[in-house]
Amino acid sequence: MLTINYIESFFHIKEEYITGCYQTDEGLIYEVQLPVTTRTCPYCGL
């Protein structure tokens, strides 16, 4: 799918993490499943 290549380069999301894509009246919806890792909260830093 050509649009996935644009998403990967713009948002740095690997193609393997995009699990679905569909179009609505408002635009395109991409379903993303990220791998389980420890993440830092952008608000509190924990």
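The values are calculated or read from the model by the stated rules, or taken from the named source; none is laboratory data. From a predicted model like this one, the values you see are computed outputs, not experimental measurements. Using ideal geometry, Cβ is built from the backbone for each residue, glycine included, and neighbour counts are taken over all protein chains shown.
At-a-glance table
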read-out: Residue pairs meeting the criteria (Cβ under 7 Å; at least 6 apart or on separate chains; first modelled with pLDDT under 80, in the range 1-22; second loosely packed, with under 12 Cβ neighbours inside 10 Å and part of a helix (DSSP H, G or I)); value: Ile4/Glu15; Glu8/Glu15
read-out: Of all residues making up the range 21-46, the number that are within 21 Å of Ile7 (Cα to Cα), loosely packed, with under 10 Cβ neighbours inside 10 Å and of a type in the set (D, E, K, R); value: 2
read-out: Pairs where the first residue, in the range 30-46, is closer than 17 Å to Ile13 by Cβ and the second is assigned to a strand (DSSP E or B) and among the aliphatic types (A, V, I, L, M), C-beta under 9 Å, 6+ apart; value: Tyr30/Ile18; Glu31/Ile18; Val32/Ile18; Gln33/Ile18
